[in-house]
Every structure is written in structure tokens, then in C-alpha cells.
Amino acid sequence: MTRFVPNFSTNELLPPWVSIGARNWVFALKVKHKNLQGYLDSHFNCGAPDVAPFYYEAFEYPYGLLRVTKHDNFSSRHGEQSDSLGAGPGMHTLSKIDMNWAYPVQRWRVSPDNFRYDRQVVWVEPMAFDNNSYSMFSSREIWGTEVDMARISLVEETHPGRLHIDVAMQGLQTFTPKSISHLIGVLHIEMDPEVSSDLLTELEKHPGLAEFMGVLFSSIGLKGSPNTIHNSEVNTLKQFRDVFNMQVAVYRAIIAPRTNQSNVTDMVFYDGSKVELDFMWSQTMAEALNDFFDLHYQLDGKRSMGHPGGADDIDGNKVDWSLPRLRKDVVLAASFTSDITYDVTGTLHTYGN
Amino acid sequence: MPTLPELKTRLLPMGALPHEDARMITGPQNIPFAQSSSSEQVPPPYHFPGVTVNAFVWPVNIDRVQTYCDQTFNLGTEEERGFVYRPAPFWPYATLLFLEYPIMISSNPLPQDIGEVPYSDRGIISQTEVFVALPVIRYGTNPVTMVTETSLEWALPFIVVGNPMSSVCGREMLGLGKLLADIETGVGWYPNSFEGSIKLPGWPNLEPGTQMRDMEFVHVRTNPVLPTFRTSQSPKQSLSTLFESREASFAIEEAASLSNFVADASLGMIPTNMRTVGLKQYRDAVHTDRAVYQSIVTCRARYSNLDKFKMYDEEDVQIEFSDRGSFNEILQVFLDVGPTPSNESFRVKPIAGYRFEADIDYDQMRVIHSFPIDREDGLPPIPAQSDLDANWARSIKGFFGPLRHPMRNAE
């Protein structure tokens, strides 16, 4: 066994992680099948140089979830199971907000004769942000999700009801040799959480949404539900670059983490058409917006600009919102509170052997 | 039918020993990295013009440096590695450096084929970086490698940056354990003085359930640069007067020459070629006490166009580290703090403080030693591999023995 050498800079939050009373906001977005499948082909289905014995296939229903989760009590339970080789005693608990773009896919096992069998539903997370550097490093270096550091504000108010989410990151508005990286807006969400809707009414509006929600519901456990096992497997591509060649990885593997949502309470659904969701276009975000959401912007195009309602700071940091605003329609929104457990079950395939 | 090891032995060049074969590149290779649309990692090498450096030097406990070397670089047995890291005996000091980079760009001339716009044309990052540097020497462990593979390097046991992209690149590509911090630098109370501080995420105490929060880790204050009338002592007592003395300057240069590393560092005061060394490693996702990759990586920070060198009166430099909660673990590496947090400030008494401006090129990234990796699930182990030649010996490598590691590193 090659022993990992722990020190303060690599004492990541070791899984399993537990978030108690996490506040979840999910926004179902309609995207093209090619956007769902494209990520699977570039990250899981291609040779690197060997091909993993799996084939990942997007569902026909064209939906994914933009998830924003506010964790007030996020901690590692690793030390309870074995001698901790990560953070020391007491260095386990933090609060944070994360956001990711995720959707369920079908993972087939592929035989040497190229027969597909053993279909399983797993989730993928092509895009993720976190506002806590400690958990960002843990997610990238253990879990395998390519999380970017962001400034995230989530304001949930009542009387009058208002949900306001802003996300910003270090980036470049346009790529030129003289552009200067700074804090730029990524996303803005605004809605009235007191205007709820009936789920069945919303499902009837959007073909395929009922099936999509079926997959979603199978992975969460409502409080009081007799069935307490509601694991949802996530597959990530964990990879690290060579020291000088950007195109070569020194390690690349498909990892199988899983999440378990339990004690789900306060489940409320909202009419997606009442949600304002705007992505802010920049050349830093351009490829992600194009590849994941089919959102485009031409530099000479005429679009809405800036943060609706004026520019906002996040955590006291000035954010540049003077960017083209690309509206993305939301088909359904939901909010709930839950306890979430995150764990890693195995390494499905290590490349290069 | 010969087995694979037998076949390998038969195919060895005449005169080559079997163990030399094990030092050629083996294990997984040519694994493409799946470039994500959202990835902001920038390819090396990097060019940083006009960097302002504020540096502070204090004596370090050599035993702590040796412990750091043993825990970080001297892994496995000396026979397996073929090298040993030890503190540099001629420079038993730690240096705290605040570096303000107005411009950071990729100077990679090669097409990366991962986007429409070359990285060097995409724009500029500016940030501040702070690190503690400890000079260490890598010694070869036999008479030949003692000559060709002995090299002065700088371990950076503590390094923080203000830019998330820089922290990710440092951690995942270069083997530097860069933490993300809020760093503030500027002029202190007096004109021409310096004040800098770092806020890091940490735990104020080690009680279970304690929430992480941002806490001040270190605060540095100086008086104006010398000469100044704002000193608490006679300026003639300052280290800067040493450099005004012809005899003392000569003695310093002689000592530097004797150390044989004059090209690498002017006694550690003003680096010209600062080769950093770090342990690049990743955890297994399930068995988190295991590494799936572990190697020693060196990089060269080449300082040029040095300008505006000024010294502070070291008696008026105040450096206060916070020995609070989880920060105690960090301080134990390079300060004489106790094994548990004192929850008080730990003051360091520097022997020198100075600042200068320079252009810095960060290049020559090399994996000098990959540690062997044992793997599960029927996967074959990955043997150790080395490319340990000292920088000066690389142009004549082959003279002292067979070429090794021919394709792994850039040159």
C-alpha cells in the first residue's frame, strides 16, 4: 500500500460527509439531448487510451437539474469509522453553499463482445461551484467532481417572499491579451417562493417531465417514509494533469460516489415560468453555456445586459455584472429541507492499464 | 516460453543491470486529460513581470526542517529512492515571502489544442502569494550520484494564494499545497513601510462541532525601508550595514561560493534561480489513507531584472502568527510552537527584512521521482521512477551512466 502523506494542506474533509438540515433548491431545465450526451461521450465513453467497460447514455427526456444547496452543518464522519488521516479532531464542520448542474443517465455494463447489459441509473455532475475552498479541494481531490470556487449568495426571505441567488467567479469577460481576470457574474435567480404550484399541474405541461421526476423521487426519502434507503449513485471522472503537459493525465478514473437524501421535509413545488434564471455570458463561461445548456451569444448580438435590479456585491466583494444576460426557461422548481449523506463506494475503472 | 520479466532481462542492453530497466518509464502512460468546458487550469510555463517581493528571514529549528523532509520527501527506504533530503546547513533560516503579481500569464509556446484562443492570449491574472521557503539539499546516495544528483531546492511547507485558479493549478499540477486565502498587502502606517496579513479558513478550537471560519493567520508590519530616521535602534546595528562593509560582503560571497550554490541563491537573500520542490500526490477515493499517485516535482522560479532592493530594519519588523485552533498544525512545521494550540500570538524575531522587484519566470517543471504505487482490483503495481540529475549535470547526462526517464520530462 502506498501511504498518502497527510499534512495541513492535504487534510481534506474525508468522506463520508453529512449535511444536517440542508436547504435545497432545484430548478428543472429543458436542454437538448445532444447537450446531455455530449458530456458523457467526452468524459466517460471515449478511449483514454483504453475504454472503460461501461457505456453512458442520456435519457430521452430532455431535462436536468440546477441544484443549489445551503449547508449550515456540513461535516466529515470519517473519524467515527477509523483513525482519521484527514483533519484532526474538531476540524470537521463547516457551512457552505454549493451549486451544480446534474442529470440522471443510464450506465450500461459492456462485455468484451460489446454487448450492453446490467443497466443502472446514475447521476453525472458536469458543472459545479462551491463557496468553501476546503470542501472544493475535497470534492476535486477525493470525490472527483471538477468543482470551481465561487462566491455564492442565497437570500430566502418571507413577508414578502423572495428567493435571490447570485453566483460569481474569477474569470475573463472576453479573451484578449490585455483582459484582466476579476470577479464576474455567472448566474442570477429570482423568484417568489410563496407562490407555490401543484406538481401534477406542472407535470402535465411538459412532456417527459413526469418520468424525469420519477427518477428524482426514487433517490430521495421523504420524512416518515417506510423505505429509508434512497441512495443515488453519482459517477465522476477523477483526473489530474501531468506536471507540464496539459493534455496528459497522470491519473484518470471513474469514481462511484453516492448521495442519500433523508428526512426530506418542507417539499414545495413552483411554476417554473415564475422563476427568473439568467446566466451571465463571458468567454470564461462560454463553452460551458454552449456545451451544457445550448446557450449562445454573439459579441455583436443585442441582448439584455447586467444584473436585473442592479449590481450586487457578494460577501462584500464587488462583482462585475456588466455582462450579456442569457435567460434560461425553468420548467419546474422545488425546494425542500433534508439531511444528506455523501460517500464513495468504489473506483469503477482506472485508465491506462 | 519466457515470462515477461525474463524477456525484459534478455532484452537489456549489454552491460546494463536489471535494476536500470526498472528505472525506465513504466506504468500508465499517454492517458489523455478530458478537458472540461469549465476548467480554468492554465498550462505552464508562466511569466510574471514586475513582481514586488517583501521577504523576512528568521532562524529555523533544523530538526523541524529535517522532520518535514523525512515526512514529505524521504519516503520509503534510502536504497529504493536513491536520494535523501536534508536541511541546507549553510542557511538555517526560514524565509516568509509576500509576492504581489500584477500580471500572470502563460508563456507556453506550444499549441495546447484545448480551446480556440491560446492561453497566453486569453488575458491576465493578478494575485498575491505568500509562502514560507526552507532551503533543502537533495543528496545522491552513492559516489556518482552524490556528484551528479545533489541539488539545492526550496521546500515550501506553507503556501497560500488569493486566486482560486492558481490554487487549483498549484495543487493539481505542480504538487504545491496551495491554500486559498484572503491576502492583504500595502503600505503600513508610515510611508515606504509594509503591512501584510493573511486570513485563512480554520477552526478556532478543536472541540467537535466547531464551525470553520476565516481567521487571521499572520500579520506583518515594518517601519519604512532604510535609510530612515524612523528606527527604534541605531540603523548601524541593522543587517543592512553588513552589506555596506567591503570585508563582510567579501566574506558573504566567499561563503556562497564555498556552498557551491551561488548560481541558485545569493545566500538565500535574493533568489536568482529558486528551484522549488513539492510532493504531488492524490488520495484514493475509497481508501483515503492510500495514494493513487505520489511523486516529487521540482520547478524553477527564475528571477531577473532585479530592481529597487531595499532593506527594513529588522528590529522594527513585527511578525505575528496566530497559534490558535487548527493553525497550530501549520505552525509546527516551521516554528517552535508547542504540540497543542496556545491560543496566543507567536511572535517571530527576524534577522532580516527586505523588498525588491523582479520579473519571475516559472518553468522547468519536472517529475524527479515517482514513488511506487501498489494498487488493488488486480491492477499491476507501478514501480518507482527517477530523473534526479542536478540541473547543471543534465546537459552532460549519459556521461555518468545510462540515460533514464527519457520522455517523461519536457526536455
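The values are calculated or read from the model by the stated rules, or taken from the named source; none is laboratory data. Only a predicted model underlies this, so the values are computations on that prediction, with no experimental measurement involved. Positions of Cβ are generated from backbone atoms using ideal geometry, with glycine treated the same way; all protein chains shown enter the neighbour counts. Surface accessibility is based on the protein's heavy atoms, side chains included, excluding ligands, DNA and RNA. Shrake-Rupley method; radii C 1.70, N 1.55, O 1.52, S 1.80 Å.
Here are the numbers:
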item: Point-charge dipole on Cβ atoms (K/R +1, D/E -1) for region A:239-330, about Cα centre, debye to 20; result: 220
item: Solvent-accessible area lost in complex, 50 Å² minimum, residues of region A:1-43 relative to chain alone, 1.4 Å; result: A:M1, A:T2, A:F4, A:V5, A:F8, A:S9
item: Estimated FRET transfer efficiency (A:D312, B:R213; beta-carbon r; R0 35 Å; 0.05); result: 0.95
item: Accessible area buried between chains A and B, both sides summed, probe 1.4 Å, in Å² to nearest 100; result: 7400
item: Gyration tensor (alpha-carbon) shape descriptor, chain A, a/c threshold 1.5; result: rounded
item: Pairwise label distance in nanometres, A:T174 with A:N7, each label 7 Å out on the Cα-Cβ vector; result: 4.4
item: Backbone N within region B:315-337 under 15 Å of label point (7 Å from B:F229 Cα along the Cβ vector); result: none
item: Inter-chain Cβ neighbour average for residues A:251-259, partner chain, 10 Å; result: 3
item: Inter-probe distance in nm under a simple model that places probes 7 Å from Cα toward Cβ, at A:R77 and A:T158; result: 2.9
item: Potential lengthening between A:S262 and A:D192 on full extension [0.36 nm per residue; Cα-Cα distance subtracted]; result: 22.6 nm
item: FRET efficiency for A:K205 and B:S304, using Cβ-Cβ distance with R0 set to 60 Å, rounded to 0.05; result: 0.40
item: Gyration tensor verdict on region A:1-155 (Cα atoms; rounded if a/c is under 1.5, prolate if a/b is larger than b/c, oblate otherwise); result: oblate
item: Among B:326-335, A:18-27, the order from most to least packed when residues are scored by Cβ within 10 Å on average; result: B:326-335, A:18-27
item: 10 Å Cβ neighbours from other chains, averaged over peptide A:174-186; result: 4
item: Using a Förster distance of 30 Å, the FRET efficiency for A:Y117-B:Q29 (Cβ separation, nearest 0.05); result: 0.45
item: Mean accessible surface per residue for chain A, computed with a 1.4 Å probe while every protein chain stays in place, in Å²; result: 38
item: Unit charges at the beta carbon, dipole of region A:119-193: most positive-side option, A:L163, A:V121, A:I189; result: A:V121
item: Given charges at Cβ of Lys, Arg, Asp, Glu: region B:294-358 dipole, positive-most of B:I351, B:G325, B:N305; result: B:N305
item: Per-residue average of Cβ from other chains inside 10 Å of A:280-290; result: 3
item: Percent carbon-and-sulfur accessible area, chain A, ignoring ligands, DNA and RNA, probe 1.4 Å; result: 50
item: Ordering of A:172-182, A:341-351 by packing [mean C-beta count within 10 Å, highest first]; result: A:341-351, A:172-182
item: Measure of compaction for region A:223-353 (Cα Rg per 2.2 N^0.38 Å); result: 1.46
item: Tensor-based shape of region A:132-217 (alpha-carbon gyration tensor, a/c under 1.5 rounded, otherwise prolate or oblate); result: prolate
item: Chain A, relative contact order in percent, only Cα pairs under 8 angstrom and at least six apart counted; result: 22
